[in-house]
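The values are calculated or read from the model by the stated rules, or taken from the named source; none is laboratory data. Predicted, not measured: the structure shown is a model, and the values here were computed from it. All Cβ positions, even for glycine, are placed from backbone atoms using ideal geometry, and neighbour counts span all protein chains on display.
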Amino acid sequence: MTAISNGNYFKVRGKDLYVEVYGNADAYPLLYLHGGPGESCYEFSYHQAERLKEDFRLIAIDQRGVCRSEKIQGNEHFSIDEIIMDCEALREELGINRWALLGHSFGGYIALKYATMFPDSITRIVFECPTFDFGLSSRSLLRKMGEICKEEEMGGLGEKCFMLADSDSTAKELMLKFIEIRPEIGEKGMKIHVHNFSHKTDYSRYTDGEWKRFLERSNVHVNRLIGGGEMFESILSSLKKLKHPSLLIRGQYDPVTSKEQVMRYQEDVAVANVLTFSNSGHFPHSEEPDKFSKSVVEFLK
């Protein structure tokens, strides 16, 4: 199912923010927060905008400095809080009193921080394969990569992954090691995050040159977040502060939302629901798109 882009630019806190809006203006507002960091909303909108726009006023953004949004400059202050403040300013700009959040992966991290900073702006939250602790997620990712290496008879590299996962390295060190090793297993590395390859994303809306330019912007966003280090602070303790009804959607084969994080969510969140998609990895919204949209509608409506 292909979404027709409803993209536009909003001047938000001095920066051009790329925003897509789908559905009726008086429908239940839902903000999509992409992961990565630096992933963009393109892939989500491609698979879900047409499915969700009948029930929601779906707002999907490329976060500050990502892909189609204005580039972050070298002397510009930037942090996770800047992303959250952008969301708040956009909510006011769109005339929305309160909205629901749908945060994928790192977007789930942002959604939890947003809900604790501005609880009165949020109605409900859908966490899709979130990370609340980059250390736990990175260890789990390294173990998954180790398993794939063993399957592909790359035993030495697999052992290296397992040793790193069990080491006392910091969250930042673990993530950087994962990023460093990942290219060594080539296309097989897709299996770390994706289980069901049935639903492809068409990226031909933009040229290769445009995607290259978008990637360069996103890399600045990612490098600034990694350099700042804030994203490596665990926010698992914030789950106890979450009073909004929430749903955690996880893929059975997703390594990012590790078992420890699912357990903490179930134990600490006052109104918590967990759905496990049996034919998905890290992207239920594109691996099982119809089931995903139905689950979101049922929970939010």
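A few remarks follow.
- Meets criteria (surrounded by fewer than 20 Cβ atoms within 10 Å (Cβ to Cβ), over 17 Å from the mean Cα position of the chain (by Cα) and among the polar types (S, T, N, Q)) for residue 223: no
- Residue count for segment 256-294 satisfying the condition of being part of a helix (DSSP H, G or I), of a type in the set (A, V, I, L, M, F, W, C) and under 19 Å from residue 52 (Cα atoms): 1.
- Looking only at residues of segment 70-119 that are surrounded by fewer than 23 Cβ atoms within 10 Å (Cβ to Cβ) and of a type in the set (Ser, Thr, Tyr), we find that the one that is nearest to residue 247 (Cα to Cα) is 116.
- Qualifying residue in segment 113-135 (condition: in the same structural domain as residue 280 (by TED's automatic domain parsing), in contact with a Lys or Arg (Cβ under 7 Å, 6 or more places away or on another chain) and of a type in the set (A, V, I, L, M)): yes
- At least 1 residues being among the acidic types (Asp, Glu), in contact (Cβ under 8 Å) with a residue 40 or more places away in the chain and touching a Cys at 6+ places or on another chain (Cβ under 9 Å) is the threshold, and among the strands (runs of 3 or more DSSP E) wholly inside segment 40-152 those reaching it are 56-62.
- Applying the condition of being among the polar types (S, T, N, Q) and over 22 Å from residue 195 (Cβ atoms) to segment 226-272 and asking which residue is surrounded by the fewest Cβ atoms within 10 Å (Cβ to Cβ) yields 237.
Table: residues versus (1) assigned by TED's automatic domain parsing to the domain that holds residue 35; (2) at pLDDT below 95; (3) in contact with a Leu (Cβ under 8 Å, 6 or more places away or on another chain).
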residue	(1), (2), (3)
213	yes, no, no
223	yes, no, no
228	yes, yes, no
232	yes, no, no
246	yes, no, no
250	yes, no, yes
259	yes, no, no
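- Subset tally (residues that are more than 19 Å from residue 42 (Cα to Cα) and touching a Leu at 6+ places or on another chain (Cβ under 7 Å)) for segment 86-115: 5
- Filtered residue count, segment 217-255, keeping only those that are more than 22 Å from residue 170 (Cβ to Cβ), among the aliphatic types (A, V, I, L, M) and part of a helix (DSSP H, G or I): 1
- Answer residue from segment 153-174, given it is touching a residue at least 12 places away in the same chain (Cβ under 8 Å) and more than 16 Å from residue 143 (Cβ to Cβ) and is surrounded by the most Cβ atoms within 10 Å (Cβ to Cβ) among those: 172
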